[in-house]
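A.B. asks: Below is a structure I'd like to ask you about.
The values are calculated or read from the model by the stated rules, or taken from the named source; none is laboratory data. Every value quoted in this text rests on a predicted model; they were computed, and no experiment measured them. Please note: Cβ atoms are built from the backbone with ideal geometry, for glycine as well, and neighbour counts cover all protein chains shown. Side chains included, ligands, DNA and RNA excluded: accessible areas come from the protein's heavy atoms. Shrake-Rupley method; radii C 1.70, N 1.55, O 1.52, S 1.80 Å.
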Amino acid sequence: MYDILFRIETSVLGQLMRDSVWLFPMAEILHFMGLSLLIGSLLVVDFRLLGFYRNFPVAAVYRFLPLALAGFSINLVTGTLFFFSDPFRYYPNIAFRLKMLFIILAGLNALYFALTVHRKAAQSGAGETGSAIKTVSALSLIFWIGVIILGRSIPYVE
């Protein structure tokens, strides 16, 4: 594993992230904007699917999902840049590892939603499917709140 981390650290991208005065701060700004887009969109969707804001049609709040995906994509790119800047700091960090686990769990939860719960609701024409959709939405909120807390913990956990 040391060899892989060394190759990442000494890569052109790793050197660029460390040597550039403006690249890391710009990535932080974009990361925050992507996170805001992701979490803001998911809050609208998840709260509606949990039964709040019943006056908003479910089909309308589903239109926020591409924005959430855009926010996630921004964070995937900028998060990779952060990792390349100092892989020996990030990789052993327990907060970083738990954050990655929560991102994977959130992704699996979203995949389950897309392949089962959402598909069944779309086929039946129903806006909601009851407890399954509420469970998926609650888990989404839990996982993404965990991602935020763990992400903010990375600099403070060594």
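A.B. asks: Just name the residue that is nearest to residue 91 (Cα to Cα) out of those in the stretch 7-18 that are in a helix (DSSP H, G or I) and without any contact (Cβ under 8 Å) to a residue 60 or more places away in the chain.
C.D. replies: Per the criteria, the residue is 7.
A.B. asks: Quick one: is residue 36 touching a residue at least 24 places away in the same chain (Cβ under 8 Å), surrounded by fewer than 16 Cβ atoms within 10 Å (Cβ to Cβ), of a type in the set (S, T, N, Q) and outside any loop (DSSP other than H, G, I, E, B)?
C.D. replies: On the way: touching a residue at least 24 places away in the same chain (Cβ under 8 Å): yes; surrounded by fewer than 16 Cβ atoms within 10 Å (Cβ to Cβ): yes; of a type in the set (S, T, N, Q): yes; outside any loop (DSSP other than H, G, I, E, B): yes.
It is true that residue 36 is touching a residue at least 24 places away in the same chain (Cβ under 8 Å), surrounded by fewer than 16 Cβ atoms within 10 Å (Cβ to Cβ), of a type in the set (S, T, N, Q) and outside any loop (DSSP other than H, G, I, E, B).
A.B. asks: Which ranges mark the helices (runs of 4 or more DSSP H) fully within the stretch 50-120 that have 2 or more residues being under 15 Å from the mean Cα position of the chain (by Cα) and either within 25 Å of residue 26 (Cα to Cα) or of a type in the set (Val, Ile, Thr) (or both)?
C.D. replies: On the way: elements: 58-61, 65-85, 87-90, 94-112.
Where helices (runs of 4 or more DSSP H) fall fully within the stretch 50-120 and carry at least 2 residues being under 15 Å from the mean Cα position of the chain (by Cα) and either within 25 Å of residue 26 (Cα to Cα) or of a type in the set (Val, Ile, Thr) (or both), they are 65-85, 94-112.
A.B. asks: Out of the residues in the stretch 130-155 that are assigned to a helix (DSSP H, G or I) and free of Cβ contacts under 8 Å to residues at least 24 places away in the same chain, state the one that is least open to solvent (accessible area, probe 1.4 Å).
C.D. replies: Going residue by residue through the stretch 130-155, those that are assigned to a helix (DSSP H, G or I) are 131-155.
The next check asks that each one be free of Cβ contacts under 8 Å to residues at least 24 places away in the same chain; those that pass are 131-132, 135, 142, 145, 149, 152, 155.
On the way: 131: 89, 132: 41, 135: 77, 142: 102, 145: 94, 149: 98, 152: 142, 155: 61 Å².
Out of the qualifying residues, it is 132.
A.B. asks: With (1) open to solvent by 50 Å² or more (accessible area, probe 1.4 Å); (2) under 24 Å from residue 4 (Cβ atoms) as the list, and residue 93 as the residue in question, which single condition is left unmet?
C.D. replies: (1)
A.B. asks: Residue 21 passes all but one of (1) modelled with pLDDT of 90 or more; (2) part of a helix (DSSP H, G or I); which number fails?
C.D. replies: (2)
A.B. asks: Exactly one condition in (1) modelled with pLDDT under 85; (2) polar (S, T, N, Q); (3) within 25 Å of residue 18 (Cβ to Cβ) is false for residue 124; which is it?
C.D. replies: It is condition (3) that residue 124 fails.
A.B. asks: Additional query: Might you check whether a residue that is in contact (Cβ under 8 Å) with a residue 40 or more places away in the chain, more than 19 Å from residue 145 (Cα to Cα), touching a Lys or Arg at 6+ places or on another chain (Cβ under 6 Å) and open to solvent by less than 50 Å² (accessible area, probe 1.4 Å) occurs anywhere in the stretch 81-88? Let's see the steps before the verdict.
C.D. replies: Taking the stretch 81-88 first, the residues in contact (Cβ under 8 Å) with a residue 40 or more places away in the chain are 81-88.
The next check asks that each one be more than 19 Å from residue 145 (Cα to Cα); those that pass are 81-88.
Now restrict to residues that are touching a Lys or Arg at 6+ places or on another chain (Cβ under 6 Å): 85.
Next, from what is left, pick out any that are open to solvent by less than 50 Å² (accessible area, probe 1.4 Å): 85.
Looking for residues that are in contact (Cβ under 8 Å) with a residue 40 or more places away in the chain, more than 19 Å from residue 145 (Cα to Cα), touching a Lys or Arg at 6+ places or on another chain (Cβ under 6 Å) and open to solvent by less than 50 Å² (accessible area, probe 1.4 Å), one finds at least one in the stretch 81-88, hence yes.
A.B. asks: Within the stretch 24-31, does at least one residue satisfy the condition of being out of contact with any Asp or Glu (no Cβ under 8 Å at 6 or more places or on another chain), assigned to a loop (DSSP other than H, G, I, E, B), among the hydrophobic types (A, V, I, L, M, F, W, C) and surrounded by 15 or more Cβ atoms within 10 Å (Cβ to Cβ)? Break it down stepwise before answering.
C.D. replies: Within the stretch 24-31, the subset out of contact with any Asp or Glu (no Cβ under 8 Å at 6 or more places or on another chain) is 24-31.
This time we only want the ones that are assigned to a loop (DSSP other than H, G, I, E, B), so: none.
No, the stretch 24-31 contains no residue that is out of contact with any Asp or Glu (no Cβ under 8 Å at 6 or more places or on another chain), assigned to a loop (DSSP other than H, G, I, E, B), among the hydrophobic types (A, V, I, L, M, F, W, C) and surrounded by 15 or more Cβ atoms within 10 Å (Cβ to Cβ).
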